Amino acid sequence: MERVLQKMRHSTASIQALILALLVTGTASHVAGQVGTGQTVIQKATEQFENSPLKTTVLGQGLFMLSGDGGDVTAIVDNGSTLIIDSGMDTRVAELSDAIFKATMRPVTRLVNTHWHFDHTGGNVFFGSAGVTIIAQENVKKRLSSVQNVPFVGLRDGHYPPEALSTINYSSNMTLHQGPQQLTLVNYGPAHTDGDTVVYISPANVAVVGDIFSNHFYPIIDLESGGSIDGMIHSLGEILARTDEQTKIVPGHGPVATRADLEEYRDMLLQVRQRIMDLITAGKTIDEAVAAAPTKQFDAKWGSGYLPPNVFAQMVFSSLAYSGSTGR
């Protein structure tokens, strides 16, 4: 309860700051079914995460995806234990834990975090306090150990207690085994954040990619945590090179996807990036670029999530304008 209240206190200050910033820049907007008056992206997302039904999807023998409670959670079973990838929202972790046990009938002994955001690490305290070993890319521990802010969306979180932090940390890659499955953990450099992990599971032929891909939503690019549109596109290219038409892609949010879905998403990002880069080259300000509706062609498919198209365009503009980007 203390942690929930702490998050609420943090959220209030960030909500006020974001609303003020949007009013000053004139970029506040009303998007049907998304962010309403005075409601931040994180408020809308949290409302969705706390009220969506928890759903279990079978990925294969001994593999499951649990969705609805924040980020998608993957569970992998061996004879005596369950390894999970991400831990969902803190407010629904007891429900998630029950669903995992119902699906796997084995206790959770290891937890891999794909990145630091609250909807993927909210259950870390619960599982860490129960003795579960937490594994992550080394920057995740650094982020969770201090207060973090995500520009444009109203998220302020941290710092997390010691039991929520990873005790096994890697830099670029790591291999784990869970029963007959080999898990290859890879960080391709900053993308969604500076601590992203992509997990390739073989021989099951499953790739868990975290928030590098949301199906079908525009992604949050966490600029403060080192994320960038160029890094997102680079990581997606690496994932596409390592998967095939039979690979099941577990996104950070949304249903299980195919490689074709991932390729379409990558191509959308490439086109949006180019359009906004052209606007920057033409000397447009961030407000002028957003007003040009550079995502309009894609909004019907990708703009129905909790991140409105205008906020996504702001993130891409900022990523390109303030990084000196020339593409990768």
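Anything in segment 49-72 that is without any contact (Cβ under 8 Å) to a residue 24 or more places away in the chain, in contact with a Gly (Cβ under 8 Å, 6 or more places away or on another chain) and open to solvent by 40 Å² or more (accessible area, probe 1.4 Å)? List them, or say none.
Pro53, Lys55
Filtering segment 181-199 down to residues that are touching a residue at least 24 places away in the same chain (Cβ under 8 Å) and farther than 20 Å from Pro219 by Cβ, which residue is surrounded by the most Cβ atoms within 10 Å (Cβ to Cβ)?
Among those that are touching a residue at least 24 places away in the same chain (Cβ under 8 Å) and farther than 20 Å from Pro219 by Cβ, it is Leu183.
From the list Asp230, Asp211, which residue is touching a strand residue (DSSP E or B) at 6+ places or on another chain (Cβ under 6 Å), under 21 Å from Phe317 (Cβ atoms) and in contact (Cβ under 8 Å) with a residue 24 or more places away in the chain?
Asp211
Filter segment 276-323 down to the residues that are closer than 18 Å to Thr193 by Cα and not hydrophobic (A, V, I, L, M, F, W, C), then identify the one that is most open to solvent (accessible area, probe 1.4 Å).
Tyr322
Is it the case that some residue within segment 192-213 is at positive phi, at pLDDT 95 or above and assigned to a strand (DSSP E or B)?
Yes: segment 192-213 contains one or more residues that are at positive phi, at pLDDT 95 or above and assigned to a strand (DSSP E or B).
Going through segment 78-130 one residue at a time, which ones are at positive phi and open to solvent by 30 Å² or more (accessible area, probe 1.4 Å)?
Passing the criteria: only Met105.
All but one of (1) closer than 25 Å to Ser52 by Cβ; (2) assigned to a helix (DSSP H, G or I) hold for Val290; which doesn't?
(1)
Looking only at residues in segment 168-180 that are of a type outside the set (A, V, I, L, M, F, W, C) and open to solvent by less than 20 Å² (accessible area, probe 1.4 Å), which one is nearest to Leu269 (Cα to Cα)?
Looking at residues that are of a type outside the set (A, V, I, L, M, F, W, C) and open to solvent by less than 20 Å² (accessible area, probe 1.4 Å), I get Tyr170.
For (1) closer than 19 Å to Met65 by Cα; (2) touching a helix residue (DSSP H, G or I) at 6+ places or on another chain (Cβ under 9 Å); (3) surrounded by 18 or more Cβ atoms within 10 Å (Cβ to Cβ), each residue gets a yes or a no:
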| position | (1), (2), (3) |
| --- | --- |
| Tyr218 | no, yes, yes |
| Gly237 | no, yes, no |
| Ile249 | yes, yes, yes |
| Gly252 | yes, yes, yes |
| Ala260 | no, no, no |
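Could you list, in sequence order, all residues of segment 270-299 that are out of contact with any Leu (no Cβ under 7 Å at 6 or more places or on another chain) and hydrophobic (A, V, I, L, M, F, W, C)?
Leu270, Val272, Leu279, Ala282, Ile286, Val290, Ala291, Ala293, Phe298
The values are calculated or read from the model by the stated rules, or taken from the named source; none is laboratory data. Please read these numbers as outputs of a predicted model, since none were measured by experiment. So basically every Cβ, Gly included, is an ideal-geometry build from the backbone, and we count neighbours across all protein chains shown. Surface areas here come from the heavy atoms of the whole protein model, side chains and all, with no ligands, DNA or RNA. Shrake-Rupley method; radii C 1.70, N 1.55, O 1.52, S 1.80 Å.
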